[in-house]
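Derivation of every value follows stated rules applied to the coordinates shown; laboratory data play no part. From a predicted model like this one, the values you see are computed outputs, not experimental measurements. Cβ: placed from backbone, ideal geometry, glycine included. Neighbour counts: every protein chain shown.
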Amino acid sequence: MKFSLIIAAHNEGYHIGASLKRLRQISQQEPLEVIVVDGGSMDDTVAQARPWADQILAHGRPNRGEQLHLGAQRATGSMLLFLRGDAQLPGNWQQVLEHFWLAPGLGKVSATVFSVEFGSSPSFRFASWLVNAEARWRGRAGLGQGLCTTAEIYRHSGGFPPVPCLEGRAFCERLRPFGRLAVLPERVWPSASRLHRFGLLGYLSRRAWLDLRLCLGATPEKLARDCGGG
């Protein structure tokens with residue numbers, strides 16, 4: 001089972017090198033490929049990622065949906081794992097995913113995500129519970145959770161829509177006809193920068209507002225302005 005791990009990056013030079021280095025340290029090197037799709041970064045994102053990535057693809061503008069779809073088209077693995085560049089996977093992520101996807105009697109599953117843990121404070125624990133509950137009960141998840149599906153399901157679903165934010169949840173809607181979203185108990189640690197920046201209520205309100213804009217058919221250009229930092 002070969003994993004293609006795909007990251008959409010934009011102006012992430014301050015952390016992406018360290019994130020990819022850790023990823024390589026905790027991962028079995030074969031069979032694995034790491035693909036970084038850069039959305040026209042103005043900093044040293046590409047230089048920082050180059051020592052740790054198997055492929056670095058250039059995309060002319062920051063649009064995570066388009067970037068991730070480009071990465072999936074170039075991927076050679078049978079399993080596609082989509083991840084934000086600031087998220088940290090569990091140390092045994094490959095073994096966990098292999099055990100799940102190769103299990104007999106798997107049933108109709110379209111994708112998996114890990115359980116989120118933002119931090120230990122009460123507000124961060126509550127935010128983690130909400131994100132995990134949304135994935136379990138509504139079948140919607142973001143890239144900070146490590147969204148994994150097969151290359152075959154990805155192709156048949158049509159892949160990521162060309163939206164600059166909420167791309168994970170929009171993709172999950174396309175996955176619904178192919179089965180349920182399975183939430184694994186192992187923890188992934190995404191960045192809590194948006195929680196720090198907006199506070200718990202601001203973070204949740206912003207997610208709901210952007211989700212509404214997506215449902216109402218906002219154009220990618222309008223969503224990009226509304227998304228700001230994502």
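Residue 95 versus residue 55, label points 7 Å from Cα toward the beta carbon: distance in nm?
For the pair residue 95/residue 55, the computed spacing is 2.9 nm.
Please report, in Å, the Rg and the Dmax of the chain, where both are computed over Cα atoms only.
16.4, 48
How high is the FRET efficiency between residue 1 and residue 137 when r is their beta carbon distance and R₀ equals 22 Å, given to the nearest 0.05?
0.15
Let me have the 222 nm mean residue ellipticity of the chain computed from DSSP H runs of 4+ only, each contributing -39500 (n - 2.57), with the sum over all residues rounded to the nearest 500.
Taken over the chain, the calculation gives -12500 deg cm²/dmol.
Based on Cβ point charges of +1 for Lys and Arg and -1 for Asp and Glu, what charge dipole magnitude is obtained for the stretch 17-76 about its Cα centre, in debye rounded to the nearest 20?
100
Run the simple label-point estimate for residue 15 and residue 29 please: 7 Å along Cα→C-beta, distance reported in nm.
According to this spin-label approximation, the distance is 2.7 nm.
Using the Cα centre as the reference, give the magnitude of the dipole from point charges on the C-beta atoms of the stretch 3-191 (Lys, Arg: +1; Asp, Glu: -1; all else neutral), rounded to the nearest 20 debye.
Once rounded to the nearest 20, the dipole reads 540 debye.
Any idea which of 92, 124, 191 is furthest toward the positive side of the dipole for the chain, if Lys and Arg beta-carbons carry +1 and Asp and Glu beta-carbons -1?
Positive-most Cα among the choices belongs to 124.
Spelling out what I want: for every residue of the stretch 182-187, take phi, set θ = phi - 60°, compute 6.51 cos²θ - 1.76 cosθ + 1.60 (Karplus), and round to whole Hz; glycine and proline get x.
Couplings: 9, 9, 7, x, 5, 8 Hz.
Between residue 147 and residues 5 or more places away or on another chain, which pairs have amide H atoms under 5 Å apart, with H built 1.01 Å from N, and which residues are they?
Under 5 Å from the amide H of residue 147 lie the amide H atoms of 82, each far enough along the sequence or on another chain.
Taking the beta-carbon count within 10 Å as an exposure proxy, list 14, 154, 203 from fewest neighbours to most.
So the ranking, lowest neighbour count to highest, is 14, 203, 154.
Does anything in the stretch 126-159 have its amide N under 17 Å from the 7 Å Cα→Cβ label point of residue 22, and if so which residues?
143-147
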